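What follows draws every value from the coordinates through simple rules; no lab data is involved. Note that the structure is predicted; figures quoted are calculated from it, not measured. Glycine also receives a Cβ, built like all others from the backbone with ideal geometry; neighbour counts cover every protein chain displayed.
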Ligand code: 3HC
């Protein structure tokens, strides 16, 4: 199949990688050559890791990369798509604009999927000419490693689109789970309040970064502590998701911790900016808070 992936950030790059590794032709689209180059570099790094583990050969790494073409022009990147997957920044205005453009640029038969973490699929679908073919296909970070794809049906999504996306996810070796369209869906509705609560515990002085993360890692057998995971996801993304849930449900429960708001305002976005609860500038992670 021809898969078009919009956005070459950490999620878009990971999605492009898993489709190309499964033998699909992938068109990766972003607004600048620099973003595309960064995306391809991260795919190459991830493939190299898999080669080192012995589950991919050098020849397969090369052929996977060869199946990915890059585009700065949206029309060019989606013109032959059998499926479009949008993985742009978690910003509703941006996503609505992209989906409105996809209506005229992508082939009429192509389903349009979004990797949104929390924004209403029904609202995104309403910006298009084909609401029945719009669906959520929510991958988890790091995409090549995580087993889950959360498949979200919008109000108008038809059975054929849902079946296609469920089957395709299985063919990538993932486990798709179908859920309905409410803010944060299931994954982030449950995850984000936990990360936010860890930030409140830090802000209120209940424990330090290392203490809070160690309690959750060793006490609950989580692979990462909540503050480390928030840095990994991106603090701006965590804030955007909490705001969508706060607005959608109107419950104080989803009010973002003031420490998170301050850190995002100060440009401390976690791993991607080099600093969040930890400092990543030296390659590893050191405590900063
Ligand atoms: N590409 C390829 N392989 C990768 C990789 C990548 N980007 N990242 C990790 N790996 C592989 C490693 O090679 C290693 O493989 P092996 O076990 O076969 O040797 C394995 O994954 C484990 O990696 P590491 O040994 O380097 O490190 P860890 O054991 O700490 O695992 C982790 C890293 C998989 C990221 C683990 O810490 C983890 O599972 N963390 C939690 C991740 C999580 O919760 N993700 C969901 C976030 S929420 C989300 O995405 C939703 C969004 O909407 C916000």
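The table below lists the values:
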{"read-out": "Convex hull projection area averaged over all views, segment 86-168, Cα basis, nm²", "value": "5.2"}
{"read-out": "Gyration tensor verdict on segment 1-50 (Cα atoms; rounded if a/c is under 1.5, prolate if a/b is larger than b/c, oblate otherwise)", "value": "oblate"}
{"read-out": "Likely footprinting exposure, 42, 103, fewest C-beta neighbours within 10 Å first", "value": "103, 42"}
{"read-out": "Fully extended contour minus Cα-Cα distance, from residue 155 to residue 109, at 0.36 nm per residue", "value": "14.6 nm"}
{"read-out": "Relative contact order (%) - criterion: Cα under 8 Å, at least six apart; region: segment 105-188", "value": "30"}
{"read-out": "Listed residues 69, 161, 57, most fluctuating in the chain (Gaussian network, C-alpha, under 10 Å)", "value": "57"}
{"read-out": "Stretch gain in nm, segment residue 252-residue 34, where the contour uses 0.36 nm per residue and the Cα spacing is subtracted", "value": "74.5 nm"}
{"read-out": "Fluctuation leader among 275, 86, 204 - the chain, Gaussian network, Cα springs under 10 angstrom", "value": "204"}
{"read-out": "Computed [θ] at 222 nm, helices only, for the chain once each DSSP H run of length n ≥ 4 contributes -39500 (n - 2.57)", "value": "-15000 deg cm²/dmol"}
{"read-out": "Relative compactness, the chain, computed as alpha-carbon Rg over 2.2 N^0.38 Å", "value": "1.00"}
{"read-out": "Net length gained if the chain between residue 62 and residue 178 were fully extended (0.36 nm per residue, minus Cα distance)", "value": "38.4 nm"}
{"read-out": "Fewest-first sequence of 82, 129, 30, 159 by Cβ atoms within 10 Å of each Cβ", "value": "159, 129, 82, 30"}
{"read-out": "Degrees, to the nearest 10: 33-53 long Cα axis against longest axis of the chain", "value": "80"}
{"read-out": "P(r) of segment 40-87 over all Cα-Cα pairs, binned every 10 Å from zero, in whole percent", "value": "23, 41, 29, 8"}
{"read-out": "Gyration tensor (alpha-carbon) shape descriptor, segment 213-275, a/c threshold 1.5", "value": "oblate"}
{"read-out": "Inter-label distance for residue 167 and residue 55, nm, one decimal - labels placed 7 Å from Cα along Cα-to-Cβ", "value": "2.6"}
{"read-out": "Choice from 215, 177, 29 with maximal GNM fluctuation in the chain (Cα, 10 Å cutoff)", "value": "215"}
{"read-out": "Cα-based helix-to-principal-axis angle, 235-249 vs the chain, degrees rounded to 10", "value": "80"}
{"read-out": "Degrees separating the helix 209-220 axis from the principal Cα axis of the chain, which is the longest one", "value": "70"}
